[in-house]
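The values are calculated or read from the model by the stated rules, or taken from the named source; none is laboratory data. Every value quoted in this text rests on a predicted model; they were computed, and no experiment measured them. All Cβ positions, even for glycine, are placed from backbone atoms using ideal geometry, and neighbour counts span all protein chains on display. The protein model used for the area step is the full one, side chains on, heavy atoms only, and it has no ligands, DNA or RNA in it. Shrake-Rupley method; radii C 1.70, N 1.55, O 1.52, S 1.80 Å.
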Amino acid sequence: MKYDILIVGAGTAGMSCAINAAQRGLKVGVVEKSDYYGGALHWSGGHMSAGGTRLQKEQGIEDSIEKHLDEIYQINNKSGDHHLIEKAVNEAPETIKWLDDNGMEWAPECPRIIYGHVAYKTPRTIYGPDKAMSIYKVMAPLWDEQVSKGNIECHFNNTFTGLDTSNGRFDAVICNTPDGECRYAGRHIIITSGGYGSNPAYFQEKHPGIPLVSSCYPTATADGHVILEKQGAKFRFGTYHLPSLGGMEEEEGSGRCDFNKAWAMVLTSVYRNPRDIYVNANGERFIAEDEVDPEKRELATMQQPDWCFWVIFDEDGLISNDENGNHNPIIIGRTISEMKAEAEKENALCMADTIETLAHKTGLPVGTLEKTIAKYNGMVDNKKDPDFGRTYLEDPIRKAPFYALKVHASVLVTFGGIKVDKDLRVLDAEGSPMNGLYAAGEVLGLGATSGSSFCSGMAITPALSFGRILGRTLS
């Protein structure tokens, strides 16, 4: 069977594309290497952004497409693919309205300003109470309806392995299945196969020498990138790579962490004033721990050995509450007893009765760590940090047991991706469209839609929007 539209990947962009195309009566084929649809919607925080949404208007927040775009360019210094950024920002309000019209439930605190990235000045980040699964709950019935009508056929357990052409046009996808190799034909082929943060070899190829501790969706294994590049497609924006702070390897050396299960609150001090210090592999502080700007913190960590550091605190730092009376621990969502149980395992978090023993457990130099902590305690006593200008100096590190939490600059999303034109057509190394091939979602790379900085909502919203655009315009 030859499909009108053939999609590789049943995730955020793939689902929105398939639904919109099928609702027009087109015959849509989807190949998916998992045995379920939704992709990273099962994993992501689900943050979206748009200017001039219903939620903003109901709360008297003045915003617009132009203001949204202007703030993005302020944050990312006008980097990225301007055609795609502007396409995404212009389409975003319609995408949010589409979700609204189909019953999307929004978290009650939205819209809001998110400080885990360089913040917008305007509250425009929105998400559902179940993170990205709130989006999934909107799209799943629409998908199922079109499947039941026969307009969508999804082939699960199909691993994308190749492309084929005829008459100078890409018109077939080749997959490995449990029953052998299969070939699917389509008038238009859309690659929505996700990123590459769960493929260490490919990551090192694109980012040599950069350590990878990944919290990306497990199926983000560069399948689409590898095949498209073999066919001559161009990879770009790898130099924009920017990690997120807070990842904890629950198994030392695994290269994996999980944003949803074990994450340290070190990405900004807006949500938690530091009751601790950060030291690098040399046992030395390297930043004011109360620095607000997440990008300054990320860039500082990237200058440290192995792009990681240890958060050092004592028993009072563990059990004390913040100025609002909340526990607000360094590991998000953990209780004191859970933290102590984690420390007993001596994986990412360990504890000791002396600083000397703590240094031995972490591999940090004993003398330097003792000197760093003693100097910091003097800063607390004097209420002045001459080294980095930290102003929140309320918590000395004196009461045993002492704790060390190893934190990595981690990968949540990959910035590099396949180059497309303003119509989302895949381009070759010379900049010419590869006939019949389109792409959307993280396969384009966050650098394309967000630039060299994290701009809140500029991953999922463009994925949904670009999928919808392709689904309603290709025929």
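If you count the DSSP beta bridges with both ends in the chain, what percent of them are antiparallel, to the nearest 5?
70 percent
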Just to be sure I understand the model, the point goes 7 Å from the Cα along the line to the Cβ. What's the resulting Gln74 to Glu205 distance in nm? 4.0 nm
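For the chain, what does the accessible surface come to per residue with a 1.4 Å probe? Please give it in Å².
Working: 18420 Å² over 475 residues.
Accessible area per residue, the chain: 39 Å².
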Return the FRET efficiency for the residue pair Glu356, Glu252: r is the Cβ-Cβ distance, R0 is 25 Å, and the value is rounded to the nearest 0.05. 0.70
Inter-probe distance in nm under a simple model that places probes 7 Å from Cα toward Cβ, at Ser337 and Asp293: 4.3 nm
For the stretch 1-61, take the alpha-carbon Rg, divide it by the Kirkwood Rh, and send me Rg/Rh. 1.14
Peptide ranges 47-55, 191-199, 64-72, 452-460 listed from the most packed, as the mean C-beta count within 10 angstrom indicates: 191-199, 452-460, 47-55, 64-72
Tell me, what ³J(HN,Hα) does each residue in the stretch 367-373 have, in order and in whole Hz, if you take phi through Karplus 6.51 cos²θ - 1.76 cosθ + 1.60 with θ = phi - 60° and put x for Gly and Pro? x, 5, 5, 4, 5, 4, 5
Enumerate the residues in the stretch 128-169 having an amide nitrogen under 20 Å from the point lying 7 Å beyond the Cα of Arg187 toward its Cβ. 146-147, 149-154, 164-169
Which order, highest average first, do 347-354, 314-321, 1-8 follow once you tally other Cβ atoms within 10 Å for each residue and take the mean per peptide? 1-8, 347-354, 314-321
Students often get this wrong, so check it: of Lys340/Lys384; Lys340/Lys371; Lys131/Lys261; Lys261/Lys371, which have C-alpha atoms separated by over 24 Å? Lys340/Lys384; Lys340/Lys371; Lys261/Lys371
Determine the gain in length on full extension of the stretch Asn321-Asp100; use 0.36 nm per residue of separation and subtract their C-alpha separation, reporting nm with one decimal. 75.7 nm
Computed [θ] at 222 nm, helices only, for the chain once each DSSP H run of length n ≥ 4 contributes -39500 (n - 2.57): -9500 deg cm²/dmol
Using a 1.4 Å probe and ignoring any ligands, DNA or RNA, find the accessible area of Trp263 and quote it in Å² to the nearest 10. 10 Å²
From the phi of every residue in the stretch 142-157, what ³J(HN,Hα) in whole Hz does the Karplus formula 6.51 cos²θ - 1.76 cosθ + 1.60 yield, where θ is phi - 60° and glycine or proline is x? 5, 4, 4, 4, 6, 5, 5, 7, x, 7, 10, 10, 10, 9, 7, 6
Short to long, in 20 Å steps from zero, the percent of alpha-carbon pairs of the chain per bin is 24, 51, 23, 2
Rounded, prolate or oblate for the stretch 309-405? Axes are the square roots of the Cα gyration tensor eigenvalues, ordered a ≥ b ≥ c, and the cut-off for rounded is a/c under 1.5. oblate
Select from Leu470, Ser410, Ala107 the residue farthest towards the positive end of the dipole of the chain; place +1 on Cβ of Lys and Arg, -1 on Cβ of Asp and Glu, and compute about the Cα centre. Leu470
Radius of gyration and Dmax over the Cα atoms of the stretch 169-309, both given in Å: 19.4, 60
How would you classify the stretch 380-472 from its alpha-carbon gyration tensor, with a ≥ b ≥ c the square roots of the eigenvalues: rounded for a/c under 1.5, else prolate if a/b is greater than b/c, otherwise oblate? prolate
